[in-house]
Amino acid sequence: MRMSLRTMIAALGASLVALSAGAEPNPEREAYFGETHVHTSWSLDAFALGNIHTNPGDAYKYFKGEPIKHPLGYDVKIDTPLDWAGVTDHSEYVGVVNMANEPGSPVSKLPEAQPLILKARTKEEMERVALYAINTLAAGPPVKALMSPEIAGSVWKRNVALADEANEPGKFTSFCSYEWTSMPSNMNLHRNIFFKDCAKVPPMPFSALDSFHPGELWDWMDGQRKAGNDLLAISHNANLSDGRMFPTEVDTKGRPIDAAYAASRVRNEPLIEIKQLKGTSETHPLLSPTDEFANFEIMSILLGNPPGRIPHIVGSYARQALKDGVALEDTKGFNPYKFGFGAAADSHNTAVPYRQDNFFGGHTFSDGTIEARMAGTIVGGMFDARTEGTAGLTGVWAEENTRASLFEAMQRKETFAVSGPHIKVRLFGGWEYATSTLADKDWIKTGYAKGVPMGGDLPAPTATAKAPTFIVWAVKDPTSGNLDRIQIVKGWTKSGQSFEKVYDVVWAGDRRADKWTGVVPPIASTVDVEKATYTNTIGAVELKTVWTDPQFDPSLHAFYYARVLEIPTPRWTTIQAAKLGIAPPDVVSPTIQERAWSSPIWYAPSAEARKAAPRGTTVADLTKAGATALSDAQLKALIVQKSVWLQNTVTGEKYMIVYGALGKGGAAKGVTPAQPGYVTQRFPADQGQFEVRYIGRNVAMQSLTGDAVEGSYLGVSRTYTIANGRIVTDLVGTPVEIAVYKAGDKYVAARSNEFGYANYEIVPAVAQLNALEAARP
Amino acid sequence: MTGTIGRWMREPLLQFLLAGFALFVVYDVRNGDTGPRERSDRVELTPDDLRQIAFAWVAQGRPAPSSEELRILADARVREEILYREALALGLDVDDTIVRRRLAQKMEFLFEDVARLREPTAEELKAWFEGNAERFAVPGRVTFRHLYFSPDRRGNRAREDAERALGRIGNEGIDAPAAIALGDRFMFQDYFPDRAQDDVAKTFGAGFARTVFQTPTGRWAGPVQSGYGWHLVWVDSVTPARVPGFEEIEADVRAAWTEEQRAVIRARAFEAMRSRYQVVLPDDLDTGDLVSLAATETAGAAGAR
């Protein structure tokens, strides 16, 4: 009896489901995987590259699982169909106004379009049309007929129509979207623009030909939002921005980064694209030298590969921006870099390769055959095809698969990025999660009820809470590798300095975390590089834990995000090398650990809690107290050809910097006493070497110090000069300058990237670095 | 020279500008208001031109430009006009791959416009539907419960344990607690009502989805492997795929018909044009000589094709 009742209920349920064309909204939210960045033949660059036949409609077919044609004519099919997508053809050259006024075009024949058409080029006529546009298109309700596919007289309108055609609420969501392609001086500042719904999109998108300044794009977006047309921007390829995606000092117009800039940016850009075919923008080994997994699919180039230009690393990566963001918040009261993560393709083929074992490139001819790829074709004159990665995807935690639900999730940053496979990751932060929370079947309800999901701000701590607690959970893609580990990446700030630390929080197998560092050893590899195979005999299907920050300081701003790693699997280059019977390329790793990144959760101390933080010394404090800045001559006398012991007063860490002699315009310098013919140095005038010593491997270093450990123990030096009252060093071309002040009998130094703080003191030489009383647990 | 142009051509900003030129050319020729342009040293923007610039600005949903904004827009237009004329004077439009392709692309768009003008008659549409019915088939659906045997918990015994559980499960029903107690906690649902094969594949992997659709209903079966481990499956019901009636899905049929027309008309329009040309190709399309070209290609020209 019970059985048949159950079957009846199931049947009833099934018919209801069929009627509503999708499942009921799930308050616990589902992970929906989607594409936010793909080009079809309607993007001029894709068309010019030879993607001639496929349009956004074909892209949606591909994402839904139908095979389509690669521009070279062969069939390509997605491995796991997507839940949603937005095609983002370039908006530039979508000449709606011209085309609307083109005699004989479908638009010109529509009665509703008549008011838009200039009958003559007279003043009165222009005025009439402009007024109509202001009153009807900008201010009034949208004219339905002008929004309908029939009048798609422009590429943009056709794009909108195809997005509407592909949209199946509950099953597959397609967005109206386009790419704003700004690249002043080859610096990639591109953004993909997503509209909440297609009914109110403007007749013409705001393109980089209108302005390449992000600020003006945001102003336009603000205007759209005010007119009831909600939209958001997703920046991409910070790694190709030459350091300009995440400025901390001035914007593209030379205006200071201030509270207004931050508000405008945060209002309009909730997400960034962290990984795509052209590399990862999470972080870089020189910015995160203690993160052993930072070296993931790095690509450091500039679009168009302008000769003689070396791209800047600083300002081009997300983790540093998040750190600068909390430092700005703490020191100046605003944070422009409060963003969540997504990932995407940027394929110019309409179709997109997401998997290592189904990689067909993203740039038509230049990487469309195994031979072109494995021959290391320089794609677009810019990069070796073998260094291209697979496309990533954006996971969105939403109640249902509809435009509104997905868009709102993107706005609240409840999103995560994956490098290709559909890995699912959840992260909740709060103060009251019990360590046993995950044993309860309803743990997701608890996650939402007693804290915030990824993308959120930790609520105020409860009276008894000592540190925030995080529920973190991940499940593998059933068609990909098992999971190796979940890590929590933490960033925080103190006195204008910012820091990061990566914690291994849960992992597969019986590996033991190092007793002192907590670091979990690498997982074994099952990859047979010669045959390009692997097995899922290691790793985990599901990883989950409740983690409490062991080094929490309630007085400091911080952020936390989760990173999930798969076990090593063969990279596409290894698979295709095996197919050709050639050696796997030596320009990339033969194996890869696919991964997922959750959006961060932020902690901000209350005004009360903030008071407990040490006040720190600022340059302004010093000047007020009568300290004087050293001149070039005084700096030279103080440091040149000296070994100086310094203390970072924020961390307490002491270390030595050896400043070598300054060069004499390329004149050779020998040792003293002289050994004929032995040249030790040939630097330009006033430039010399410096070397940092005695930095430990596990010290959390302040930002932009490069790989200080490498300097300390491999004897690697960098160059410095003294100019304009500063000791000038650099990190891959970005200047990092140090001013020194004489305050009483002390010398106090300030680094240029620490927001006005003077955090270093010259101290007497240290005799022992690791006092045993302190080293014992 | 060719090298320099090649490099310029890869410059996306230049590509955009060239695209702009292409539009300009088409626009001017179509409007026929200027005729063949004479090279002139005079660049004049009339008040009417300014109004048109302002109109383009306003059409993007912004308030009318301030006089400062209008001045900047006018400067930009003057710059564009001067660069455009200089480019024409240098003959940069002639034999330019980007310009050629942009114009070809606009022709393709024109074909599509033509395709959209035609509407099928009711009979025509219905006949077409009958000839293409299989394209509109609604996929079959399955309702099932599963018991999960987790390799995280059981290591390589997961499959064996699932087999043993099947032996012990006897006649327990689909949601009998005794049956459910045999499996491990699963990360997602235990009961999946009314799922298409694609949906099942998204959650469990394609192999599992195929197997579930072939599993007999009304009893425990398995073990079935998924991307997560091993499962025992109870299939409640399977609804086979079916083709809906024409009336149910007329809108979809119309969309598909239009889509096909697009391709047909594109092909037909091109054939018609091509028939007016005498196309001469070498008799022998031997690729032997081209091998040496490939080397040059790899050296850096690939992006410009």
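No lab work stands behind these numbers, since they all come straight from the coordinates. In this text the structure is predicted, and so the values were computed from the model without any measurement. We place every Cβ from the backbone using ideal geometry, glycine too, and count neighbours over all the protein chains shown.
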Partner lysines for A:Lys77 [C-alpha distance under 18 Å; skip if fewer than 8 residues away on the same chain]: A:Lys61, A:Lys64, A:Lys69, B:Lys202
Other-chain or far-sequence residues with amide H under 5 Å of A:Lys275's (modelled H): A:Ser281, A:Ala344
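Tell me, A:Ser599, A:Ser241, A:Ser752 in order of fewest to most beta-carbon neighbours within 10 Å?
Fewest to most other Cβ atoms nearby, the residues stand as A:Ser752, A:Ser241, A:Ser599.
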Distance violations [Cα-Cα > 21 Å] among A:Lys494/A:Lys654; A:Lys323/A:Lys624; A:Lys424/A:Lys531: A:Lys323/A:Lys624; A:Lys424/A:Lys531
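Only counting other Cβ atoms within 10 Å, I'd like A:Trp397, A:Trp220 sorted with the fewest neighbours first.
Values: A:Trp397 26, A:Trp220 22.
If I rank by nearby Cβ atoms, fewest first, I get A:Trp220, A:Trp397.
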Residues whose placed amide H lies under 5 Å from that of A:Ala743, excluding near-sequence neighbours: A:Val748
Residue-wise HN-Hα coupling along segment A:746-755, computed from phi with Karplus coefficients 6.51, -1.76, 1.60 (Hz; x: Gly, Pro): 9, 9, 10, 10, 10, 8, 5, 9, 10, 6
Per-residue ³J(HN,Hα) for segment A:278-291, Karplus 6.51 cos²θ - 1.76 cosθ + 1.60, θ = phi - 60°, Hz, x for Gly and Pro: 9, x, 9, 10, 5, 7, 9, x, 7, 8, 10, x, 8, 8
Ordering of A:758-771, B:270-283 by burial proxy (mean other Cβ atoms within 10 Å per residue, highest first): A:758-771, B:270-283
Neighbouring partner chain Cβ atoms per residue of B:236-248, average, 10 Å criterion: 1
Over chain A, relative contact order from alpha-carbon pairs under 8 Å, at least 6 apart, %: 10
Shielding score for A:376-386, defined as the mean number of other chain Cβ atoms within 10 Å: 4
Chain A pair-distance distribution - Cα-Cα, 10 Å bins, rounded %: 2, 12, 21, 24, 19, 12, 6, 2, 1, 0, 0
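Is it possible to state the helix-based mean residue ellipticity at 222 nm for chain A, with each DSSP H run of 4+ residues giving -39500 (n - 2.57), the sum divided by total residues, to the nearest 500 deg cm²/dmol? What is it?
Value at 222 nm, helices only: -6000 deg cm²/dmol.
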Distant-in-sequence amide H partners of A:Asp251 (H built 1.01 Å from N, under 5 Å): A:Ile257
Most to least packed among A:650-656, A:252-258, A:428-434 [average Cβ atoms within 10 Å]: A:428-434, A:650-656, A:252-258
Per residue, the convex hull volume that the Cα atoms of segment A:567-666 enclose (Å³): 278
Span from the segment A:205-262 Cα centroid across to the segment A:436-502 one, whole angstrom: 30
Segment B:41-104-segment A:667-737 distance, computed between alpha-carbon centres (Å): 51
From phi via Karplus (6.51, -1.76, 1.60), per-residue ³J(HN,Hα) for segment A:538-553 in Hz, x at Gly/Pro: 10, x, 10, 6, 9, 10, 7, 6, 10, 10, 10, 4, x, 10, 6, 10
Cα gyration tensor shape for segment A:147-239, rounded if a/c is under 1.5, else prolate or oblate: prolate
Residues B:Phe136, A:Phe755 arranged by fewest to most Cβ contacts within 10 Å: B:Phe136, A:Phe755
Highest average packing first - A:705-712, A:462-469, Cβ atoms within 10 Å: A:705-712, A:462-469
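What average number of partner chain Cβ atoms lie no more than 10 Å from the Cβ of the residues making up A:536-542?
Per residue, the average neighbour count from other chains is 4.
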